[in-house]
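The next block holds one structure in the form of structure tokens; read it before the comments.
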Amino acid sequence: MSASPDASQRRARMLDLLPRIYAAQSPDSAIGTLVEAMAQRLAVFDQDLQRVLHDRWVALACGVPDARDGDAAAALDRLGALLQIARLPAAVRHAGAQTLADGRVAVTFVSQAQRDEALLLLELRADGDGPALPRIAGLAVDIEGPTQLVFRSETGDTADPDDAGDPQQGPLARLQELLSPEPTDAYRQRLQITMAVTSAGLATPRAVLSLAIADLGAAPCPKFQRRADATLARGVAQRAQRRCQACGNPALPCPQATLFDAWISEQPAHPVDWQDNDAQLQRVLTLRNDSLVGDRPELTMEVDRPVSFPALQSRASGEIVLYADDLLPGHTLRLLPQLDPQEVAATQSYDRPVSHQWLLRSPHGRAELVDKASGRVRDVSASVFYLRGSQFDDAASRLGGVNVEGLRCGVLEQAVRTPRLEPGDNDWVLLTFTAPAYRFDAPTTTFAQGPNDPGAHFALLDAGIGDGGADFATQLFQWLKRTDDQVADPATLPHFKLAAHWVARPAFLFNLRIPKNGWVQAAELRGAVDLLRADIERARPAGVSARVDFPEPIYREQQPQQQAFTGFDARLVWREDAAPDDAHAPQLALRQALTEAHPLAEGRLTLGAIIDTTRFDWSTLQ
């Protein structure tokens, strides 16, 4: 506030209202001095009245304490106290700071413990042996006493207050931010955004991103972007946003420099792992998929004893994946399923553009058999089959009956496709064939003479199984169904080790991610990161979970090429002079250094050749 407000308007209005005998008096007279004093008091009253009216609004409230109010906080801080939103204090507690004539910053502390606390925060040691990488690069300190420190810059810059908010500011300017409380403009903006989010319940992605950017001391660029399942925002300098001409024109790109990026992913995709180390045949396995969409999982299977034709069936959909071979102990069967484009698109996100990594090298799926002892991997995709079908003779079906065989429909194809995990609980069951002895040299039979005896091979499934049609698929369904009806000794049943990996999109969850660059690290020193987490926890809707993550920024490097690439010019000149000359017929001579005797009884050595499709097409050699 101005100590001596302009009272000229008040003086002119008073002189217009007073009689002329008073208005004609000299300003140095007693009447003139009295009129001037009354005008000054009325001007101060007008100023105070305007301040009272402005201080009722966050956008107009004064952010600097008035000296006439004593120790009372500023009007903006008092409004923030009503909303329980306090201004961030200085990160470095101190008793006072001043800039010296040579540009250094002298800081006074209440005690030596407070001084050591500041050195610890800045990662500078009191013994003078500072670390190789302090919190503020290029900042050095001189200890002047038990309660005073003098900071200087090793780069030669000075503490300019106008550099606040500049991403290229020097170490002393960054130190000034830690010595001062939150700037008024940043606090005012944070109050306005927080009030809209918490009081009005406006927890949209744009509002939450604006709140997060304001907590970190920047201004959100109004040009938000939508990519995949994420809303992207950019943090810019606060003063730059006021003079930006592109903010009001959607067609113009934003020319302001980006301080940091931030984005919110709604229902973010993340990997889910499931494992059962003691799975058995005929036992129902429940897989919980807390997701809004379904997915086909990657499966791995191990056994403790030989098993022929192991299969997994989903009770809900009836889908079956079958491995038409022996699975022996010490081997791991890995199924990387084939996915439809719709299934791939349902699990893609901004944070995970490739939700299933195996699709990069095996877009059509792949089945692998891994020997754990040697590490050898063998492709067994041709031995994996996918079965899907429905039986109309079910008692719950209208087309079937209790004593009527009804109609059966089945689909069988040679493809690596695992049963689909639908949202919620999924009941799966392990199956195998009733008579697994399909190969005489298999360890599951007693017909083999030894481990090296190949024996005789009799396969139940041939190479054309994919063309078997519904009849063959129906037989497989019946064979696998008998597994549920048979009674086996639990002691002889094999034990399976199953593991499933899939991608889920949980409901009522959003993920806020802000790469931790230099600006975010400086805000963390001021305590803004803890404030951000608390504000996001307050702003999230009821029943919705929020995750805040600060990943490492993506490394970007641009190296312009100063010189042109070396040019290569290769030429091949080929000439041939093979024109026929009638006067000189071509002469061919054959010489053989080796001599060999051929009796006439054994026949003669003959040599013949025919030259054709050449320039000498008229000539022959015999």
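The values are calculated or read from the model by the stated rules, or taken from the named source; none is laboratory data. Quick caveat, the model's predicted, so the values are computed rather than measured. Ideal geometry is used to build each Cβ from the backbone, glycine not excepted, and the neighbour counts take in all protein chains shown. Side chains are part of the model used for accessible areas, which takes the heavy atoms of the whole protein and leaves out ligands, DNA and RNA. Shrake-Rupley method; radii C 1.70, N 1.55, O 1.52, S 1.80 Å.
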### Intensity falloff of segment 35-119 expressed as log10 I(q)/I(0), Debye formula with alpha-carbon point scatterers, at q = 0.13, 0.14, 0.25 Å⁻¹
-0.69, -0.76, -1.16
### Query
When the convex hull of the Cα atoms of segment 1-64 is projected onto a plane and the area is averaged over all directions, what value comes out in nm²?
4.9 nm²
### Task
Can you list which of the trypsin sites (Lys or Arg not before Pro) found in segment 28-124 are DSSP loop residues with at most 15 other C-beta atoms within 10 Å?
Arg56, Arg93
#### Entry: By accessible area with a 1.4 Å probe, ligands and nucleic acids excluded, highest first: order of Ile554, Ile143, Ile193
Ile554, Ile143, Ile193
### Restricting segment 20-104 to chymotrypsin sites (Phe, Trp or Tyr not before Pro) in coil, as DSSP defines it, with at most 12 other Cβ within 10 Å
Trp57
### Message
Rounded, prolate or oblate, given the Cα gyration tensor of segment 230-383, with a/c below 1.5 counting as rounded?
### Response
prolate
### Most to least accessible of Ser26, Ser308 (protein chains only, probe 1.4 Å)
Ser26, Ser308
### Candidates per GluC sites (Glu not before Pro) in segment 274-330, loop by DSSP, up to 12 other Cβ within 10 Å
none
